[in-house]
Amino acid sequence: MSRLIYLDNAATSYPKPKNVINAVNESLFRCGNPGRSGHELSLYSAKAVYSCREAICSFFNFNHPENVVFTYNTTYALNMAIKGLINDKDEIIISNLEHNSVLRPIAELEKSGRGISYKTFDALGNDDAVIQNFEKAISDKTRLCVITMCSNVTGKILPFAKIGEICKKKRIKLIFDAAQCAGFIPIDLSSLYFSAVCFAGHKSLCGIMGTGFCVFAPDIVPKSIIQGGNGVESISPLQTGLLPERLESGTVGVPGIIALYEGIRHIQSVGLDEISEKCSRLEARLTSALMQIENVNVYARAKNKVSTVLFNINGAASEDTAAFLSSKNICVRAGLHCSPLAHKALGTIDMGAVRASISHFNTGEDIDALTQEIQMLSKR
Amino acid sequence: MDTKYLIFSSVTYALRAMTLLKRRGFDARLEKIKNISALGGCGYALAVKYNILDTAVEIINGEGLRIIDILDNK
């Protein structure tokens, strides 16, 4: 069997850095339930969880560790932010690059009988077109926008800072989905307008699966969507307390949070610029090579993007291409990537597409191996 | 009586206060309080020496953190 080539980093990053693996292992020996007890294991855990809140603040230039709320993934964070900030009769604006983690909770809210509605705008064009479409979509009824910073299908980075400026001016609440770009591009929360930003811990932040978080702006008071024990005011039958515990009912995933802390340390030690530069170089190499193959269609090439390449061999089902690559020990993801709106916009809703997503652990040889296999398959 | 216990709304706030104090070179220790009526239960306290109490309170309040109570005994 040939060596494993992993190009599915947009789903979850692989491999995990050694310091992440070691820290998770150690946590299983050293951690109790944080914020509950007074013994050494519980206090150790509480300090580890808090250290991760601080590491997140340091990495994203934010000064409110208590506004970092841990979740199990970005989907959970987005549900928490959307349902925690929405009011009856609100109109919501989303882009046509949103993941089902945004579309489905909002579509569900629209059916809830609360007078909530949503509209989409086209975000496939250049930044000027995206901003123009976004502004056109906003109406007097718009109270909330939920926008991805970066498409999980095409890798395109949206002009999110400009979108923030528009929402700030119009006093519209704004939730960002940062799952695909945190750990790849710099995100400065101190200069960005937002109500909430939702993150994955296990993608380009190099943590482990089952870890996400949401950062709320200091003036935001979200409703809790899950109630239960949180170590605060236990005597009260009602969910009380401030952030973050108000939204962290039940035991948080301490090994995953420790992994996230170590993942951030790994990125800082390698350097965000170096990661971004290397991934962009590999992405350009792959895009250029695939475009030279007859019968291969590379979709949605953009200037400003993370290292994701979307393609199809003409006439071949994307799942067949991915299965063939899997048989060669090359891991990619095919299908709709839980983002039907984006595939509708790209014209690939019927067959899906193949997504190769690169990390800084990949090499030029990985890219060349994928290209060679696609070249062979396209001639069949 | 040379230790005072600063009570916060949650362990996160207690740890934030502890971090602030440690960065300024002051010692503070996270402890579980036994006096659950002080918070309605599940509370943590930050134990600080009496001789730095005023400075500690000033630093913590200066960062906008709310101390719910200051106890002589945990």
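Quick one: which of A:Glu245, A:Glu274 is charged (D, E, K, R), crowded, with 23+ Cβ neighbours inside 10 Å and more than 21 Å from A:Asn152 (Cα to Cα)?
Just one listed residue meets the conditions, A:Glu245.
Going residue by residue through the range A:310-332, is there one that turns out to be part of a loop (DSSP other than H, G, I, E, B), at pLDDT below 95 and within 21 Å of the chain's Cα centre (by Cα)?
Looking for residues that are part of a loop (DSSP other than H, G, I, E, B), at pLDDT below 95 and within 21 Å of the chain's Cα centre (by Cα), one finds none in the range A:310-332, hence no.
Take A:Val232 and decide whether it is closer than 16 Å to A:Pro34 by Cα and either among the polar types (S, T, N, Q) or buried (at least 18 other Cβ atoms within 10 Å of the Cβ) (or both).
yes
Hey, does the range A:256-274 have a residue that's free of Cβ contacts under 8 Å to residues at least 40 places away in the same chain and part of a loop (DSSP other than H, G, I, E, B)?
yes
What's the total number of residues in the range A:299-309 that are part of a strand (DSSP E or B) and under 20 Å from the mean Cα position of the chain (by Cα)?
3
Kindly indicate which of A:Ile226, A:Ile258 is surrounded by 21 or more Cβ atoms within 10 Å (Cβ to Cβ), more than 14 Å from every other protein chain (Cβ to nearest Cβ) and touching a Ser or Thr at 6+ places or on another chain (Cβ under 9 Å).
Exactly one of A:Ile226, A:Ile258 is surrounded by 21 or more Cβ atoms within 10 Å (Cβ to Cβ), more than 14 Å from every other protein chain (Cβ to nearest Cβ) and touching a Ser or Thr at 6+ places or on another chain (Cβ under 9 Å), namely A:Ile258.
Take A:Thr287 and tell me if it is within 14 Å of chain B (Cβ to nearest Cβ) and of a type in the set (Ser, Thr, Tyr).
For A:Thr287, the condition - within 14 Å of chain B (Cβ to nearest Cβ) and of a type in the set (Ser, Thr, Tyr) - is not met.
For the range A:37-52, how many residues are within 7 Å of another protein chain (Cβ to nearest Cβ) and either farther than 13 Å from A:Tyr261 by Cβ or crowded, with 19+ Cβ neighbours inside 10 Å (or both)?
Looking only at that region, the number is 5.
Name the residues in the range A:112-152 that are over 24 Å from the mean Cα position of the chain (by Cα), of a type in the set (D, E, K, R) and assigned to a loop (DSSP other than H, G, I, E, B), would you?
A:Arg114, A:Asp140, A:Lys141
Hey, among the residues in the range A:169-190 that are touching a helix residue (DSSP H, G or I) at 6+ places or on another chain (Cβ under 8 Å) and within 14 Å of A:Cys57 (Cα to Cα), which one's surrounded by the fewest Cβ atoms within 10 Å (Cβ to Cβ)?
For the range A:169-190, the residue satisfying everything is A:Pro186.
The values are calculated or read from the model by the stated rules, or taken from the named source; none is laboratory data. All values derive from a computational prediction rather than experimental measurement. Please note: Cβ atoms are built from the backbone with ideal geometry, for glycine as well, and neighbour counts cover all protein chains shown.
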